[in-house]
Amino acid sequence: MAGTCKFCRIIAGELESHRIFEDDISLVFLDHRPLFPGHCLLIPKHHYSTMLDLPEEIIGPLFSNAKLMARAVEAGLSAEGSFVAVNNRISQSVPHLHIHIVPRRKKDGLKGFFWPRNPYRDEAHITEVQDALRRTVEQIRSTPSP
């Protein structure tokens, strides 16, 4: 599966992505069909189809990165909150575990599980959001936790 998996190909650098953060176990990049600008996908570098397939020792570090990205999305994009979600098989467009981190604002139109897509204006907008999130990840990582 890993050879044909779209996300494994992104990890390998075979497919383009707008990368935000990477460490030994995971990669974060902007979703190409965002709910809102700044919608990120956090994926483990090893191919696991669902959260249920994750080894116990990966869960903590992976979700620490989800927490980091939720903080970065809120602080870097002046969002009022964030939405963090994982699908297991149903509604999973790529069969590689991925965690959605989505910036939220009051009255943003996201209701229940009806998710309208709000694309980037252009490539410059993608780069602007990408840069803001990268800077914020580095700020958060270099600041001691309270």
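The values are calculated or read from the model by the stated rules, or taken from the named source; none is laboratory data. Predicted, not measured: the structure shown is a model, and the values here were computed from it. Positions of Cβ are backbone-derived with ideal geometry, glycine not excepted, and every protein chain shown enters the neighbour counts. Surface accessibility is based on the protein's heavy atoms, side chains included, excluding ligands, DNA and RNA. Shrake-Rupley method; radii C 1.70, N 1.55, O 1.52, S 1.80 Å.
Here is how the numbers come out for the structure above:
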read-out	value
Gain on full stretching of the segment that runs from Val84 to Leu54 - 0.36 nm per residue minus C-alpha separation	9.1 nm
Residues of type lysines that Lys111 reaches as a straight line, Cα spacing below 25 Å, ignoring anything fewer than 8 places off in the same chain	Lys67
Cβ crowding within 10 Å averaged over residues, with 78-84, 105-111 ranked highest first	78-84, 105-111
Surface per residue (accessible, 1.4 Å probe) for the stretch 92-137, Å²	59 Å²
Residue-normalised accessible area of the stretch 1-70, given per residue in Å² at a 1.4 Å probe	48 Å²
Within the chain, helix-based [θ] at 222 nm, where runs of 4 or more DSSP H residues each add -39,500 (n - 2.57), nearest 500	-10500 deg cm²/dmol
Computed label-point distance, nm, for sites Ala75 and Val94 using a 7 Å Cα→Cβ extension	2.6 nm
Loop sites in the stretch 1-45: GluC sites (Glu not before Pro), DSSP, at most 16 other Cβ within 10 Å	Glu14, Glu16
Nearby lysines by direct alpha-carbon distance to Lys6 (threshold 16 angstrom, same-chain neighbours under 8 apart not counted)	Lys45
Ranked by how many other beta carbons lie within 10 Å on average, peptides 122-130, 27-35, 55-63, 4-12 from highest	27-35, 4-12, 122-130, 55-63
With every protein chain in place, the stretch 58-142: carbon and sulfur % of accessible area (1.4 Å)	53 percent
Unit charges at the beta carbon, dipole of the stretch 49-132: most positive-side option, Ser91, Leu77, Pro116	Pro116
